Amino acid sequence: MKIDRIFENAHFRTLDPDRPFASRVGVMHGYVVAVDSDLDGIEARDHVDLQGAYVVPGFNDVHVHASWLGRTLSELDMTDLSGDLDQVYRRIAGYVDVSASQTDDDWILCLGFDHHRFGKAYPQIEKLDAIAKGRPLFMRHTSGHSSIVNTAALRRIGAFSADFRDPEGGHVVRDGEGNPTGLVQENAQNLIQDLFKPYSLQILGEALSRAGERLASRGITSICDAGIGEGWIGDSPIELQAYQNLHDRHRMRVRTQVMPTLYTLHKIDANSEDHVAVGLDLGMRSGFGDDWLSIGPVKVFADGSLSGETAAMSVPYRNSEGNVGSLEHDPQLLHKWITEALESGWGVATHAIGDRGIDVALDAYEEALGLGIKPPLPLRIEHAGVMRPDQLIRIAKLHVVPTTQSVFYDNQGDGMIQSLEPEPLSYTYRAGSILNASVILPGSSDAPCASESALLGIEKFVTRTTGTGKPFGPAAERLSIDEALHCYTVGSALATGYGDSKGKIRPGYFADFTCLGEDLFHALPEEISSINVNATVVGGEFTYTR
């Protein structure tokens with residue numbers, strides 16, 4: 001019997017301690033079956049000459065927003081603008097002019113605005129009103145935790161009514177006279193988004209296809225989509241079906257584990273002996289699915305963002321008149337939700353960026369574990385931005401995975417330096433100390449809140465510099481290239497429950513790997529992100545070739 005394929009003429013760095021380097025890899029049914037001399041005498045239906053490429057295990061990004069990323073490739077994107085708000089106004093005006101045939105009910109949807117790139121200034125609502133010519137406008141901040149809207153949009157949610165009240169965990173920001181400024185924060189975004197969401201399966205499918213192509217071109221073979229379904233981070237209550245439709249048509253480019261938002265779960269009237277209080281219909285839970293598409297942990301929000309200075313902190317933000325951010329929900333309610341989800345067979349990933357938010361998540365996890373609950377997947381804290389030393393000790397003790405984003409140093413680092421006092425800044429988006437505490441550290445981007453480039457993520461783990469070249473935090477938090485690569489491969493596999501099938505090039509593991517044009521380990525640290533991705537392979541098949 002012949003195996004399917006032999007990839008040869010390459011420099012494989014396997015991350016398998018038993019055989020760290022190889023030049024040939026054999027694949028059968030999507031799995032690695034033999035390496036180097038073990039292939040002697042074995043025939044294959046196909047031989048692939050990788051032309052001397054430098055091959056590493058496939059990059060695995062455990063915190064991406066795929067549909068949102070895909071829409072940035074089709075909606076009005078502000079990511080490349082900075083310095084002068086007139087650029088933002090001109091881009092919107094140009095879009096309005098070319099779409100003049102649309103009606104007052106057609107939304108102007110924009111993405112990628114970051115006030116830090118404009119001296120912390122936001123577009124003026126009066127100018128947006130004039131440019132939009134009566135049409136409602138919604139511009140999502142790059143963090144996802146706030147948006148900029150115009151008067152036409154605010155009228156549709158009754159924001160000018162005397163009896164209007166902000167929803168729990170959200171704000172329609174107003175000036176000193178009580179007039180809306182156009183800035184909408186956190187859960188208040190739901191009020192606006194519910195006017196044009198849910199997106200259709202066609203729109204979602206097209207967005208996911210575009211995102212998959214972009215991610216594959218970055219050498220990424222697996223992702224975790226961090227929040228689908230209900231809530232402001234979700235796009236449709238049937239969002240998983242858009243993924244399933246792609247899967248049915250064999251159009252997925254990356255293996256995907258999805259995180260339903262915890263708000264998607266509902267009461268389940270199961271037998272009392274089963275201890276299932278909440279879930280999805282028919283008993284689906286974390287782990288359901290296959291090697292290409294599966295359900296991961298549920299995601300819940302403890303707090304907001306650093307860029308919007310809404311993350312819950314114990315030390316006030318700099319020059320903020322005592323602002324310490326806020327929790328999105330009452331801590332007791334969060335404890336109840338998290339414990340119920342864990343008891344019902346779900347893994348949990350809690351978005352917590354400020355140290356007060358992290359405290360709430362850790363308290364809930366410790367309570368649940370104390371009840372003897374065994375999570376099906378590693379417990380996670382998404383972002384774990386401002387992590388105090390005592391919290392890292394607790395994280396290690398509880399075996400929690402902090403999912404930090406090194407790419408944030410690049411596009412948000414300068415803003416964080418401006419927002420945080422020196423002490424909390426010294427333990428913000430840590431890396432080296434996490435590994436020194438023997439805690440799993442995966443690779444992730446939070447794209448499109450930051451670049452989806454895994455190579456940039458590896459570079460920033462190593463250099464810890466901001467977009468303007470400033471050092472970000474203590475030098476001791478920097479990683480070696482080997483450690484950074486380990487995060488985006490082995491670390492990510494462990495964080496998502498795939499430690500025995502992803503992250504290494506060895507027999508029995510998925511044949512997922514990334515082919516680079518240069519040796520990652522011989523590149524200058526600040527030039528790692530410039531290395532070409534020549535090809536991406538998932539299950540022994542090319543998902544991208546340069």
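From the phi of every residue in the stretch 309-316, what ³J(HN,Hα) in whole Hz does the Karplus formula 6.51 cos²θ - 1.76 cosθ + 1.60 yield, where θ is phi - 60° and glycine or proline is x?
6, 10, 5, 6, 10, 8, 10, x
In the full protein assembly as shown, how much of Phe408 is accessible to a 1.4 Å probe, in Å² to the nearest 10?
Approximately 10 Å² of Phe408 is accessible to the 1.4 Å probe.
Could you state, as a whole-number percent, how many of the C-alpha pairs of the stretch 97-184 are farther apart than 16 Å?
Pairs farther apart than 16 Å: 55 percent.
Any idea of the accessible area per residue across the stretch 1-158, 1.4 Å probe, to the nearest Å²?
Numbers: 6630 Å² over 158 residues.
That works out to 42 Å² per residue.
Order these peptides, 254-263, 147-156, 421-430, 171-180, by their mean beta-carbon neighbour count within 10 angstrom, highest first. Intermediate results must be reported in sequence, preceding the final value.
Values: 254-263: 24.3, 147-156: 22.7, 421-430: 18.7, 171-180: 12.6.
For the peptides 254-263, 147-156, 421-430, 171-180, the packing ranking is 254-263, 147-156, 421-430, 171-180.
Under 15 Å Cα-Cα from Lys120, which aspartates and glutamates qualify once same-chain neighbours fewer than 8 residues away are excluded?
Qualifying aspartates and glutamates at Cα under 15 Å: Asp84, Asp86, Glu309, Asp414.
How big is the stretch 448-546 by Rg and Dmax over its Cα atoms, in Å?
Reported Rg and Dmax, both Å: 14.5, 43.
Looking at the stretch 392-517, I'd like the Rg to Rh ratio, where Rg is from alpha-carbon atoms and Rh is Kirkwood's inverse mean 1/r. Show your work: numbers first, answer last.
Values: Rg = 14.9 Å, Rh = 15.1 Å.
With Rg and the Kirkwood Rh in hand, the quotient comes to 0.98.
Probe 1.4 Å, all protein chains in place: accessible area of Phe196 in Å², nearest 10?
Accessible area of Phe196: about 40 Å².
Quick one: 3J(HN,Hα) in Hz for the stretch 255-264, Karplus 6.51/-1.76/1.60 with θ = phi - 60°, rounded, Gly and Pro as x.
Per residue, the Karplus-derived 3J(HN,Hα) values read 5, 10, 10, 9, 9, x, 5, 4, 5, 6 Hz.
Rank Leu39, Ser74, Pro17 by how far each Cα sits towards the positive end of the charge dipole of the stretch 16-82 (+1 on Lys, Arg Cβ; -1 on Asp, Glu Cβ) and give me just the farthest.
Result: Ser74, furthest along the dipole toward the positive end.
Zone of Leu282 (label point 7 Å along Cα→Cβ, backbone N under 18 Å): which residues in the stretch 209-248?
229, 237-248
Per residue and in Å³, how big is the convex hull formed by the alpha-carbon atoms of the stretch 21-133?
Working: hull volume 25.6 nm³, N = 113.
Spread over its residues, the Cα hull of the stretch 21-133 gives 226 Å³ apiece.
Quick one: go through the stretch 511-541 and flag any residue whose amide nitrogen is under 19 Å from the point 7 Å out along the Cα-to-Cβ line of Phe21.
In the stretch 511-541, the label zone of Phe21 (backbone N under 19 Å from the point 7 Å along Cα→Cβ) covers 514-524.
Tell me, what HN-Hα J-couplings in whole Hz come from the Karplus equation 6.51 cos²θ - 1.76 cosθ + 1.60 at θ = phi - 60° for each residue of the stretch 265-275, using x for Gly and Pro?
Using θ = phi - 60°, the values come out as 5, 9, 4, 10, 8, 7, 4, 4, 5, 7, 6 Hz.
Can you tell me the Rg and Dmax of the stretch 165-266, counting just the alpha carbons, in angstroms?
For the stretch 165-266, the Cα radius of gyration and maximum Cα-Cα distance read 16.7, 55 Å.
With the other protein chains left in place, how much accessible area per residue, in square angstrom, belongs to the stretch 414-455 at a 1.4 angstrom probe? Show your work: numbers first, answer last.
Working: 1150 Å² over 42 residues.
Heavy-atom accessible area per residue stands at 27 Å².
P(r) for the chain: what percent of alpha-carbon pairs falls in each 10 Å bin, starting at zero?
Bins of 10 Å from zero give 4, 18, 28, 27, 16, 6, 1, 0, 0 percent of pairs.
Below 8 Å between Cα atoms, with a sequence gap of 6+, how large is the relative contact order for the chain in percent?
After rounding, I find 17 percent.
How much length is gained if the chain between Leu109 and His275 is pulled fully straight, taking 0.36 nm per residue apart and subtracting their Cα-Cα distance, in nm to one decimal? The partial results should precede the final answer.
Values: separation 166, 0.36 × 166 = 59.76 nm, distance 4.33 nm.
My answer for the length gained is 55.4 nm.
If Rh is defined by the Kirkwood formula over all Cα pairs and Rg also comes from Cα, what ratio Rg/Rh do you get for the stretch 268-399? Let's see the in-between values first.
Details: Rg = 16.0 Å, Rh = 15.6 Å.
Ratio value, two decimals: 1.03.
Rounded to a whole number, what % of the accessible area of the chain do carbon and sulfur atoms account for, probe 1.4 Å?
On the way: 10480 of 21390 Å².
Answer for the chain: carbon and sulfur cover 49 percent of the accessible area.
The values are calculated or read from the model by the stated rules, or taken from the named source; none is laboratory data. These numbers come from a predicted model, not from an experiment. All Cβ positions, even for glycine, are placed from backbone atoms using ideal geometry, and neighbour counts span all protein chains on display. Please note that ligands, DNA and RNA were not included when accessible areas were found on the heavy atoms of the full protein model with its side chains. Shrake-Rupley method; radii C 1.70, N 1.55, O 1.52, S 1.80 Å.
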